[in-house]
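Inspection log for the structure reproduced underneath, given as structure tokens.
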Amino acid sequence: MSPLSRRSSSSTDEKDPDGPSDAPPPGLPPPAYPAYPHDKPPSSSQETDHLTFQPQPAAPQAGFGTRSPSQRSVYAALLLCSWDKIRIVGFPSSIIAPVDAAIKRSWSRGVQQQKAYDQVSWEWKLCGKPWFGQGSEAVPSRQLIACVLHALLENGWRLTLSTDLCQKSTGKDTLIFKSVPPVQRTIFPISFNDSDKIRLIDSPHDGVKQAFDTAIRGAWPLGIQDAKDKEDGAYQIKLKGNPWWTFSGEQMNHSRLLACSLLSAMEAQGFELLGSVDMSTARAEERSELDTWVFISKT
């Protein structure tokens, strides 16, 4: 059984540092997402929980609603906004319900609010601060991302690129997806934490966990301080030294070899790298955050 299959409001929205005000421009009607070129008006059977689709005529906007079929993009984006928001941009309306279900299944703290952000996007505001990526929310936030990626893939959208398109201190990667045939795959993350930790989250089976452990022990010459099951679904190895925060050229080299060793070990277990995502807000007084690797089964 895939680790993702094992998981099963309203408040005032503060100012969003990752985007413009939620209020629509003066003179425009309330946004009706999605009035998207390749969408059909959804039926009442498409409503889920507190999602109610009410398509309305939208005021024309440049680049929206006026493209011919040959101009429609096969790409769409997902943004991790502020400390607590997920926004999907350019997806068809049929994606809202599966993403909503994935969020609710994997993020036990719940959803404060969800709404049309504008005419091409939908946004969820979560309880807690998943993109701070620290403490008790560090592991669940990675599980949340993996679950959303899994839901998108089985609905025909595969992660093709994660890229930094924001210079703000709260900036995180934008995830770009490409429309593909829907498939079922196993997805799990590996995170790099603090200056000396690596976590395997929701290992698909014991063979992956053993390969993870063996690869790290064999590749890091200074050895390990500790290896343990940190919390539900997370196996953590704490290394000696500071591989992710070092001024030693030799340690830098070995930390990169360690990363290569991890990739080789996962490859041998039948998994390849789906993406490397900066999903945490850097703490201004400290160093920048590290990426989270997301692996996908080849078949």
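Near Thr186, the amide H atoms lying under 5 Å from its own belong to Ser297; only residues 5 or more places off or on other chains count, and H is placed 1.01 Å from N.
Projecting the Cα atoms of Ala259, Phe192, Gly241 onto the charge dipole of segment 187-297, computed from C-beta unit charges around the Cα centre, puts Gly241 farthest toward the positive end.
Compared with the alpha-carbon gap, the fully stretched path from Asp229 to Gln113 is longer by 38.4 nm at 0.36 nm per residue. Under 5 Å between amide hydrogens, built in the peptide plane, is the criterion, and for Ala234 it picks out Asp202 among residues at least 5 positions away or on other chains. Which links in Lys230/Lys298; Lys125/Lys228; Lys125/Lys178; Lys129/Lys230; Lys85/Lys178; Lys172/Lys228 stretch past 26 Å when you go from one Cα to the other? Violating the 26 Å limit, Cα to Cα: Lys230/Lys298; Lys125/Lys228; Lys172/Lys228. Across segment 187-297, the relative contact order, built from alpha-carbon pairs under 8 Å that are at least six residues apart, equals 31 percent.
The slack in the chain from Lys238 to Lys178, taken as 0.36 nm per residue of separation less the alpha-carbon distance, amounts to 18.0 nm.
For segment 187-297, what is the charge dipole size about the Cα centre, in debye to the nearest 20, if Lys and Arg each add +1 at the Cβ and Asp and Glu each add -1 at the Cβ?
Rounded to the nearest 20 debye, it is 300 debye.
Taking all Cα-Cα distances within segment 187-297, those exceeding 26 Å account for 13%. Peptide packing for 228-238, 269-279 was compared via the average number of neighbouring C-beta atoms within 10 Å per residue; ordered from the highest value, the list is 269-279, 228-238. Close amide H partners of Asn193, meaning residues 5 or more places away or on another chain with modelled amide H under 5 Å apart, are Ile198, Arg199.
Whole-Hz Karplus values for segment 256-266 come out as 6, 5, 4, 4, 5, 5, 4, 4, 5, 5, 5 Hz, taken residue by residue from phi with 6.51 cos²θ - 1.76 cosθ + 1.60 and θ = phi - 60°; glycine and proline positions read x. Phi angles across segment 148-160 convert, under the Karplus curve 6.51 cos²θ - 1.76 cosθ + 1.60 with θ = phi - 60°, into 3J(HN,Hα) values of 5, 4, 5, 5, 5, 5, 6, 10, x, 9, 10, 4, 10 Hz, Gly and Pro given as x.
Each value in this text was obtained by applying a stated rule to the coordinates, not by laboratory testing. Worth saying up front: this structure is predicted, and the values here are computed from it rather than measured. Cβ atoms come from the backbone with ideal geometry, glycine included; neighbour counts cover every protein chain shown.
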